[in-house]
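In what follows, a single structure is set out as structure tokens and then discussed.
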Amino acid sequence: MSDIETLKKELPPFEIFDLIPQYAAAGQIDPEKIDLLKWAGVYPQRPQEDGFLMMRVKVPTAELHADALRVIAGISEDFGRGLLDVTDRQAFQFHWLRIQDIPEILNRLDTVGLHTRGACGDTVRAVIASPLAGLDAREKIDVRPLARSMEGTLSGNKDFEDLPRKFKISLTGAPELEGIHLINDIGFLAHDVEGPDGQKEVGFDVWVGGGLGAVAHLAQRLGVFITPGEVVEVGRAITAAYRDHGYRVNRKKSRLKYLIKDMGAEKFRELVETEYLGRPLRSGPPAPVARFGGSDVLGVNPQKNGLNYVVLTTTVGRIDPEKARKLADLAERYGNGFLRTTAFQNMMIPHVKTEHVDALVAELQALELAPKATLRGTTIACTGTQFCRLAQTETKARVAGMIDVLEPLHTDLDVPFVINLTGCSNACTRYQVADLGFMGALRGDEEVYNVHLAGSIGQAQRTGTKLKGIVPAERLTEYTDRVLRDFKANKTPGESFVE
Ligand code: SF4
């Protein structure tokens, strides 16, 4: 049994919240318990000896009010040296925190309905809800109430505080626009099927066992069609099956994907039906999936109610707090005061009147957050050596520099081109499912990147092909430029890289 498994048995992980005030008062964390801080969304940043912490904050249903964003900006300024990241699980991340400040930060988050419970650790992580929920005319159902209910039932629940490893859930009501389900432990995709009476019925296709890390597995279909009323019950049953049957000996082989690989989706479905639900689930066809897997929706898009949602593009998720505060003002001035976070490290201002779109776009351009469907909007990078203890290479600054050079050179791309880069094999920013995926590594002291080509969480549903060679860090921009030039020279109009 690994150390963390022993530790979880000694102290129920969510009880770490009770110890945080003591640690803060003493200015010191019990080193034996430090790994349990993850369950409070807190963990040491690199280098650990310096004692600074990072914190991940969940954004339930990916939706937050302008006031909440102001609180986030304030925390970043007051405690985090002005650093603020939007993550690819729709969360916010702070750095440079001290244990002394964690209680005050948690209090401030609480005042605006945000929390960190289960943001990290071996438990149910942030439930990803489509950022388009309730907005896009093409969605089958607004998944926000289901996501809220799922989060309320599973996340932070003591029944699920000790899972074999992290556990990720996503819901979308518009699978033709999003593909993130393929890399989640459970993905719920809404679609409609025709009943015997010829009437359309809306329900969910359920996928299980997706997960990247050093060995990527795309999710598999359970083969069911469940009603919206069954979603939380089925989510709970699958999570419980994983808790009880998932592997706990080797943490590198503990995600649900390994159980599904060994057992098969069919047998796993039987297990869930017989041991956890006590009834069979209705079988059903697959939901249609997105062509590009989520990068389809950038820029300005029409809503079903005649208004517009505007996806603003950050550079690798980093937003300085002053800009975040201005974004909050813009959401109030042009929208309904709410913003959303996306799984591509971007943000969105919904409910914008058509006659206000140009003015909002101009203001976003001035903040260098233009809502454009360009490389900037489809490129993500993880934390890297700046703060991550596992990282082998630098990430965000390097990619930001690359995008600054390449974006103006490739404005003529007529399809999204996804670039995902990580600082190690752990795949926090999913290098295996990008058109061009870079995985950071060290060759001696030199920072290099392995290349994965033509992965996709869109219709192609494939992990990228790993090339034999590596790209030295200083040649990253040049290499990417050559790939893009070659792609554009050899493609037909509208053809994507993976096609
Ligand atoms: Fe850290 Fe590796 Fe994850 Fe990047 S992929 S954040 S370097 S663990």
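Take region 278-329 and flag every residue that is more than 26 Å from Ala219 (Cα to Cα), outside any strand (DSSP E or B) and of a type in the set (D, E, K, R). Break it down into steps so the answer makes sense when it comes.
First, pick out the residues of region 278-329 that are more than 26 Å from Ala219 (Cα to Cα): 299-315, 318-329.
With outside any strand (DSSP E or B) added as a condition, the list becomes 303-307, 313-314, 319-329.
Those that are more than 26 Å from Ala219 (Cα to Cα), outside any strand (DSSP E or B) and of a type in the set (D, E, K, R): Lys304, Asp320, Glu322, Lys323, Arg325, Lys326, Asp329.
Output the qualifying pairs, or none if there are none: Cβ atoms under 7 angstrom, residues six or more apart or on different chains, first residue in region 421-446 and more than 21 Å from Ile403 (Cβ to Cβ) and of a type in the set (A, V, I, L, M), second residue open to solvent by 10 Å² or more (accessible area, probe 1.4 Å) and near the ligand (Cβ under 10 Å from one of its atoms).
Ala441/Gln392; Leu442/Gln392
With respect to Leu476, determine if the residue is surrounded by fewer than 16 Cβ atoms within 10 Å (Cβ to Cβ), within 16 Å of the ligand (Cβ to nearest atom) and of a type in the set (A, V, I, L, M, F, W, C). Spell out how you get there, then give the answer.
Values: surrounded by fewer than 16 Cβ atoms within 10 Å (Cβ to Cβ): no; within 16 Å of the ligand (Cβ to nearest atom): yes; of a type in the set (A, V, I, L, M, F, W, C): yes.
Spelling it out, it is not the case that Leu476 is surrounded by fewer than 16 Cβ atoms within 10 Å (Cβ to Cβ), within 16 Å of the ligand (Cβ to nearest atom) and of a type in the set (A, V, I, L, M, F, W, C).
Residues are listed down the side, and each one gets a yes or a no for (1) surrounded by fewer than 23 Cβ atoms within 10 Å (Cβ to Cβ); (2) more than 15 Å from Phe497 (Cβ to Cβ); (3) within 16 Å of the ligand (Cβ to nearest atom):
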| site | (1), (2), (3) |
| --- | --- |
| Pro416 | no, no, no |
| Thr422 | no, yes, yes |
| Tyr431 | no, no, yes |
| Ala454 | yes, no, no |
| Ile470 | yes, yes, no |
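Can you tell me which residue within region 195-249, out of those that are in a strand (DSSP E or B) and among the acidic types (Asp, Glu), is nearest to Gly278 (Cα to Cα)? So that I can check it myself, show each step before the final result.
The first filter runs over region 195-249 and keeps only residues in a strand (DSSP E or B), leaving 200-208, 211, 217, 220-221, 224, 226.
With the extra rule that they be among the acidic types (Asp, Glu), the set shrinks to 201, 205.
Details: Glu201: 24, Asp205: 20 Å.
Filtering first and then ranking leaves Asp205.
Return the only residue of Glu355, Glu363 being without any contact (Cβ under 8 Å) to a residue 12 or more places away in the chain, more than 16 Å from the ligand (Cβ to nearest atom), at negative phi and surrounded by fewer than 21 Cβ atoms within 10 Å (Cβ to Cβ). Please lay out each step first, then the result.
Working: Glu363 fails: without any contact (Cβ under 8 Å) to a residue 12 or more places away in the chain.
None of the other options fit; the residue is Glu355.
Quick one: Glu446 ticks every box in (1) more than 26 Å from His65 (Cβ to Cβ); (2) within 16 Å of the ligand (Cβ to nearest atom) bar one, so which box is it?
(2)
One residue is enough: does region 379-390 have a residue meeting the conditions open to solvent by 50 Å² or more (accessible area, probe 1.4 Å), within 16 Å of the ligand (Cβ to nearest atom), in contact with a Cys (Cβ under 9 Å, 6 or more places away or on another chain) and among the polar types (S, T, N, Q)? Even if it seems obvious, please write down each step before you answer.
Restricting attention to region 379-390, the residues satisfying the condition of being open to solvent by 50 Å² or more (accessible area, probe 1.4 Å) are 386, 389-390.
Next, from what is left, pick out any that are within 16 Å of the ligand (Cβ to nearest atom): 386, 389-390.
Within this subset, residues satisfying the condition of being in contact with a Cys (Cβ under 9 Å, 6 or more places away or on another chain) are 390.
Next, from what is left, pick out any that are among the polar types (S, T, N, Q): none.
No: region 379-390 contains no residue that is open to solvent by 50 Å² or more (accessible area, probe 1.4 Å), within 16 Å of the ligand (Cβ to nearest atom), in contact with a Cys (Cβ under 9 Å, 6 or more places away or on another chain) and among the polar types (S, T, N, Q).
Quick one: Met439 ticks every box in (1) within 19 Å of Asp481 (Cα to Cα); (2) more than 12 Å from the ligand (Cβ to nearest atom); (3) hydrophobic (A, V, I, L, M, F, W, C) bar one, so which box is it?
Only one criterion is unmet by Met439, namely (2).
Which count do you get for residues in region 20-42 that are closer than 15 Å to Pro103 by Cα and open to solvent by less than 40 Å² (accessible area, probe 1.4 Å)?
Of the residues in that region, 10 qualify.
The values are calculated or read from the model by the stated rules, or taken from the named source; none is laboratory data. The shown structure was predicted, so the numbers you read here are calculated from the model rather than taken from an experiment. Methodologically, a virtual Cβ is constructed for each residue, glycine included, from the backbone with ideal geometry; neighbour enumeration extends over all protein chains shown. Accessible surface is based on the protein model in full, side chains and every heavy atom, while ligands, DNA and RNA are left aside. Shrake-Rupley method; radii C 1.70, N 1.55, O 1.52, S 1.80 Å.
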